[in-house]
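A.B. asks: One structure, as structure tokens, below. Some questions next.
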Amino acid sequence: YIFYLVTGALLSLLVFFIVLRFFGQQELDEVQSVRYTSFLVADELRQSSDDLTRMARAYVDTGDPKFERFYWQILAIRNGELEEPLHYERSYWDLIIGDPGFQPSTGGRKISLRTRMEESGFTAAEFAKLTQAESISNQLVQSERNAFNAMKGLFRDPTGQFDIRGAPDPELARRILHDESYHIAKARI
């Protein structure tokens, strides 16, 4: 009789530890999933900033308006104003630019990167860092906008509007996108 009691108790303990292990593994899987999702969202902020820089520089270097159009599409996707294409990964814009047969897939969500950051489970400190990086990236958007307008011969008046018309200044546009403050901002992102 004692044998059966001991065996039953040991089996009960074994089942208890297996159940604990199971729930512990589920919790670990959930933490890993949140961590991976958070990494992807943070990396998308960096990638979108890099894509914006690349398109701005390509426009300034070539004068080809498709690069400015792509620039504004990237920003609209990041801001949730345009639907994110399906399979919107790192090489997406390389395919758009370099593969004439590439057909983007539609059907993605129309959601801002900021909202996805809020939903991703970042700690307060992590979210603050990402918000700071996003703010710096948005400041670069202003520099890039200045460069685009310099390419078109549009310059700021004293009120900050691009109302002063002059000769296009591609050299000024290139300087804006390659000066030291621009590189420092990119590193901070």
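The values are calculated or read from the model by the stated rules, or taken from the named source; none is laboratory data. A quick note: this is a predicted structure, and the numbers were derived from the prediction, not measured. Backbone-built Cβ (ideal geometry, glycine too); neighbour counts: all protein chains shown. Note: areas computed on protein heavy atoms with side chains; ligands, DNA, RNA excluded. Shrake-Rupley method; radii C 1.70, N 1.55, O 1.52, S 1.80 Å.
A.B. asks: Identify, from the list 78, 21, the residue that is within 30 Å of residue 182 (Cβ to Cβ) and among the basic types (Lys, Arg). Talk me through it step by step, then tell me what you get.
C.D. replies: Working: 21 fails: within 30 Å of residue 182 (Cβ to Cβ).
Checking each option against the conditions leaves just 78.
A.B. asks: Right, here's the next one. I'd like to verify a number: residues in segment 93-107 that are farther than 20 Å from residue 46 by Cα and touching a residue at least 12 places away in the same chain (Cβ under 8 Å), how many? Talk me through it step by step, then tell me what you get.
C.D. replies: So in segment 93-107, the residues farther than 20 Å from residue 46 by Cα come out as 98-107.
Next, only the ones that are touching a residue at least 12 places away in the same chain (Cβ under 8 Å) stay: 104-107.
The qualifying residues number 4.
A.B. asks: So which of 115, 53, 37, 123 ends up being among the hydroxyl-bearing types (Ser, Thr, Tyr) and open to solvent by 70 Å² or more (accessible area, probe 1.4 Å)?
C.D. replies: The conditions single out 123.
A.B. asks: Among the candidates 51, 29, single out the residue that is among the acidic types (Asp, Glu) and either without any contact (Cβ under 8 Å) to a residue 40 or more places away in the chain or over 30 Å from residue 154 (Cβ atoms) (or both). I'd like the intermediate steps shown before the answer.
C.D. replies: Details: 51 fails: either without any contact (Cβ under 8 Å) to a residue 40 or more places away in the chain or over 30 Å from residue 154 (Cβ atoms) (or both).
Selected residue: 29, the only one of 51, 29 that is among the acidic types (Asp, Glu) and either without any contact (Cβ under 8 Å) to a residue 40 or more places away in the chain or over 30 Å from residue 154 (Cβ atoms) (or both).
A.B. asks: I'd like the full set of residues that are of a type in the set (Ser, Thr, Tyr) and surrounded by 13 or more Cβ atoms within 10 Å (Cβ to Cβ), limited to segment 126-145.
C.D. replies: 131, 137, 143
A.B. asks: OK, next. What are the pairs with Cβ atoms under 9 angstrom where one residue, in segment 132-160, is on the phi > 0 side of the Ramachandran plot and the other, located anywhere, is part of a helix (DSSP H, G or I)? Sequence gap at least six, or different chains.
C.D. replies: Pairs that qualify, where the first residue is on the phi > 0 side of the Ramachandran plot and the partner is part of a helix (DSSP H, G or I): there are none.
A.B. asks: Hey, another quick one. State which residue is most open to solvent (accessible area, probe 1.4 Å) when the search covers only segment 77-110 and only residues that are of a type in the set (A, V, I, L, M, F, W, C) and over 18 Å from residue 52 (Cα atoms).
C.D. replies: So, considering only residues that are of a type in the set (A, V, I, L, M, F, W, C) and over 18 Å from residue 52 (Cα atoms), the one most open to solvent (accessible area, probe 1.4 Å) is 86.
A.B. asks: Among the residues of segment 165-183, count how many are surrounded by fewer than 11 Cβ atoms within 10 Å (Cβ to Cβ) and either among the β-branched types (Val, Ile, Thr) or assigned to a loop (DSSP other than H, G, I, E, B) (or both).
C.D. replies: 2
A.B. asks: Where in segment 53-164 are the helices (runs of 4 or more DSSP H), entirely inside, with at least 3 residues that are of a type in the set (A, V, I, L, M)? Before the answer, list the steps.
C.D. replies: Numbers: elements: 65-78, 92-98, 113-119, 124-152.
Correct list: 65-78, 92-98, 124-152.
Let's see how each residue does on (1) under 30 Å from residue 144 (Cα atoms); (2) of a type in the set (Gly, Ala, Ser); (3) open to solvent by 90 Å² or more (accessible area, probe 1.4 Å):
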{"site": "15", "(1), (2), (3)": "no, no, no"}
{"site": "18", "(1), (2), (3)": "no, no, yes"}
{"site": "41", "(1), (2), (3)": "yes, no, no"}
{"site": "45", "(1), (2), (3)": "yes, no, no"}
{"site": "49", "(1), (2), (3)": "yes, yes, no"}
{"site": "58", "(1), (2), (3)": "yes, yes, no"}
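A.B. asks: Scan segment 44-94 for residues that are of a type in the set (A, V, I, L, M, F, W, C) and more than 18 Å from the chain's Cα centre (by Cα) and jot them down.
C.D. replies: Hits for segment 44-94 are 58, 60, 67.
A.B. asks: In the list 112, 143, 120, 91, which residue meets the criterion of being over 28 Å from residue 177 (Cα atoms) and of a type in the set (S, T, N, Q)?
C.D. replies: 120
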